[in-house]
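Take a look at the structure set out below.
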Amino acid sequence: MPDSSAPTILVLTQQIDPTADFVAHEFNRRSVPFVRMDLGEFPSRMNLSASIDSGEGDWKGAFHRPSRSVRLGGVRSVWWRRPTSFQFPEHLTREERWFARDEASAAFGGLLRLQDAFWMNYPEASMRAEFKPIQLKAARRRGLEIPRTLITNSADEARAFIRENRRAGHRTVYKTLAFSDVVNPVSGENEVIYTSVITEDDLDDGLIKISPCLFQQEVAKKLELRVTVVGDKVFTAGIDASATPEGRVDFRTSYSSITYRHLELPAAVSDALVALVRDLGLAFGAIDLILTPDERYVFLEINPSGQWAWLEIELGLPITAAICDALQGATSLQSAGRHG
């Protein structure tokens, strides 16, 4: 049995997460104890007990699960991967569910954040870094080139932007500002809204008025790059999806026809990306770049909990090892990911 008093590596993610499985297998191979937990286990498969008084001055208690408990104050590092939300009984009314969710968020949120631990990534830092206006400004401040971008709910502004791009010899693309996964109201299944080329004729004035839209000048591609940054370690995959028209706009539409290659970034670009991740308060970031035909590197976006396992399979990039090293405290990431 693992020593319950030993510092714990806590992996917070959903129960089905193949990317997290890579890290779990590596910790098992290294014989490093860890606890994998999902907030969605509360309250059906997890209990919480914590207390404090003026004599001790610190919280005592644990998150209790059937397989293993996590002692408060005993967490060495936290990988905030992709936990799901709390799951409450169906018989609760909507108001009761809201109340229970808010109370659980306050309890878990406060007690988890009290841990003197290294975070990859701290939840508030991840949340802030997901805002694309913040990403683009932060990238530009680090000297990275970014696409010409417009956020608007005005159809007139959008049309003017498209016309200006066309006069300059460029198409315009539409992207979502938040998550690209949406729930289809008919099927209930998650569907992805891909980056798409858009023209003036495609614009729906009513829909644009309802919700802000993000438009960008399309950037010519030699390759798309997925750059995974773990502290000061940088892993770069070149992604060629030019075999299909859709893939040339968004590689996610053409996984079956993609070819991959391992690349090394110029030192100036690599250093700028490491600094960008640190500026955003992150210890990990999955970054999308475009390498243009004239060898320029253009920043598109950063995902604080982006996918990387498929690139490890394709190219043998040792990203799992870097993440495990960080969570074990074997790298210099502590200053980037420590909050308290």
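The values are calculated or read from the model by the stated rules, or taken from the named source; none is laboratory data. Keep in mind that this is a model prediction, so the values were computed, not measured. Cβ sites come from the backbone with ideal geometry, for glycine too, and all protein chains shown count toward neighbours. Ligands, DNA and RNA are stripped out before the accessible areas are found, and what is left, the full protein with its side chains, is counted by its heavy atoms. Shrake-Rupley method; radii C 1.70, N 1.55, O 1.52, S 1.80 Å.
Taking a straight Cα-Cα cut-off under 19 Å and skipping sequence neighbours fewer than 8 places away in the same chain, the lysines within cross-link reach of K137 are K175.
Provide the per residue accessible area, probe 1.4 Å, for the chain, rounded to a whole number of square angstrom.
Details: 17370 Å² over 340 residues.
With all protein chains present, the chain gives 51 Å² per residue.
Helical runs assigned H by DSSP (4 residues or longer) give the chain a calculated mean residue ellipticity at 222 nm of -9500 deg cm²/dmol, each run adding -39500 (n - 2.57) before division by the residue total. Between L263 and T199, the FRET efficiency estimated from the beta carbon spacing at R0 = 41 angstrom works out to 0.80. How much of the accessible area of the chain, probe 1.4 Å, is carbon plus sulfur, in whole percent? Roughly 52 percent of what the probe reaches on the chain is carbon or sulfur. Can you list which of the DSSP-assigned H helices in the chain have a Cα extent of 15 Å or more along the long axis and an average Kyte-Doolittle score of at least 1.0? Taking the DSSP H segments of the chain (at least 15 Å long, mean hydropathy at least 1.0), we get 267-279. Binning all Cα-Cα separations of the chain at 20 Å, short to long from zero, yields these whole-percent fractions: 27, 54, 19, 1. Mean-square fluctuations from a GNM of the chain, with a 10 angstrom spring cutoff on Cα atoms, peak among I290, I239, I193 at I193. Scanning residues 5 or more positions from L48 or on other chains, those with amide H under 5 Å from its amide H are H64, with H placed 1.01 Å from N in the peptide plane. Applied to the stretch 229-242, the Karplus parametrisation 6.51 cos²θ - 1.76 cosθ + 1.60 on θ = phi - 60° returns per-residue 3J(HN,Hα) values of 10, 10, x, 9, 9, 10, 10, 10, 10, x, 10, 10, 10, 6 Hz, with x for Gly and Pro.
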